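The values are calculated or read from the model by the stated rules, or taken from the named source; none is laboratory data. None of the values given here were measured: they were computed from a predicted structure. Positions of Cβ are generated from backbone atoms using ideal geometry, with glycine treated the same way; all protein chains shown enter the neighbour counts.
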């Protein structure tokens, strides 16, 4: 029997890589896409012709119930969320409804229809927030520092409560920063890769950055969706911390990206204090040993390989005219 997987947030970075993985596994993949998100389907590229799209307002409980009842999925991957964390300060209530509301409505739909659907909730390392110790694992307390993280934490516990009270197969991946060439330019990794490619081609001169000492646990999105899928293939639903277990500073990020094209970052980077973030984290780093042990999961692409791939892709895009270079500063 062909399995059906529903994905919210299918037009995002993770939605793309997860769709690709599931299609290769022989799944019928259905994206639940709000009407106003239809233009974003172009982000799926050729995958847009291989997945099915079910147009539904994620804020509408009845509509989601109808979708789940009609499609009767074996698996649901709830990835829907604002893509850029700082934006959550501009719309905290909308962020809460999209993240927590969608998770709750989907879990309730599965419960009311009476399915044995396996449910994945996309949690985030942002939930750990202001940590006391590093690295973090599944037992580390949550101390969120922004509306996005608070909403993710609420959705996470809603998922746990549905599992405990109703016996649903519901789990979550507490994912650390995961990147790819599909990232939007407002993310620091893609901002850097696009700038480096632009400078290499003589289309830009400098790159403005904020705090070079900020550190992150960065991995490849294509590796992390493997962990999502594996969480729904095991016998027991549990939470898993997913990350590389390695901290790199923004300085490392910049230096590695420039080095991949034979340039010295010190000749091109300008520090702009206006770009500093008040809720910056310094010690968010994963302890993924549980995922390694239970899921046989480990990241495959290294930090250096990830950045080289992102820079190379942006070089190709700029040379082909597929994207525009950064404005000169």
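Can you name the residue in the range 127-150 that is buried (at least 23 other Cβ atoms within 10 Å of the Cβ) and at pLDDT 95 or above and is also nearest to the chain's Cα centre (by Cα) among such residues?
By that ranking, first place goes to 127.
Quick check on this structure: which one of 261, 225 is touching a residue at least 24 places away in the same chain (Cβ under 8 Å), assigned by TED's automatic domain parsing to the domain that holds residue 193 and touching a helix residue (DSSP H, G or I) at 6+ places or on another chain (Cβ under 9 Å)? Steps first, please.
Details: 225 fails: assigned by TED's automatic domain parsing to the domain that holds residue 193.
Matching residue, one of 261, 225: 261.
Read through the list (1) in contact with a strand residue (DSSP E or B) (Cβ under 8 Å, 6 or more places away or on another chain); (2) loosely packed, with under 15 Cβ neighbours inside 10 Å; (3) at pLDDT below 95, then give the number of the only condition that residue 283 fails.
Among (1) in contact with a strand residue (DSSP E or B) (Cβ under 8 Å, 6 or more places away or on another chain); (2) loosely packed, with under 15 Cβ neighbours inside 10 Å; (3) at pLDDT below 95, residue 283 violates only (2).
Give the residues of the range 289-324 that are part of a loop (DSSP other than H, G, I, E, B) and closer than 19 Å to residue 259 by Cα, sorted by residue number.
301, 302
Considering only the range 21-59, state which residues are in contact (Cβ under 8 Å) with a residue 60 or more places away in the chain and under 18 Å from the mean Cα position of the chain (by Cα).
Scanning the range 21-59 gives 21, 22, 43.
Can you find a residue that is touching a residue at least 40 places away in the same chain (Cβ under 8 Å) and touching a helix residue (DSSP H, G or I) at 6+ places or on another chain (Cβ under 6 Å) anywhere in the range 271-283?
no
Run residue 290 past the list (1) modelled with pLDDT of 95 or more; (2) under 19 Å from the mean Cα position of the chain (by Cα); (3) surrounded by 15 or more Cβ atoms within 10 Å (Cβ to Cβ) and report the number of the one that doesn't hold.
Here residue 290 meets the rest and fails (2).
Report, by residue number, each residue of the range 170-199 that is over 22 Å from residue 244 (Cα atoms) and surrounded by fewer than 19 Cβ atoms within 10 Å (Cβ to Cβ).
Correct list: 185, 186.
I'm told residue 163 meets every condition in (1) outside any helix (DSSP H, G or I); (2) out of contact with any helix residue (DSSP H, G or I) (no Cβ under 6 Å at 6 or more places or on another chain); (3) over 29 Å from residue 44 (Cα atoms); (4) touching a residue at least 12 places away in the same chain (Cβ under 8 Å) except one. Can you identify the failing condition by its number?
Of everything listed in (1) outside any helix (DSSP H, G or I); (2) out of contact with any helix residue (DSSP H, G or I) (no Cβ under 6 Å at 6 or more places or on another chain); (3) over 29 Å from residue 44 (Cα atoms); (4) touching a residue at least 12 places away in the same chain (Cβ under 8 Å), residue 163 misses just condition (1).
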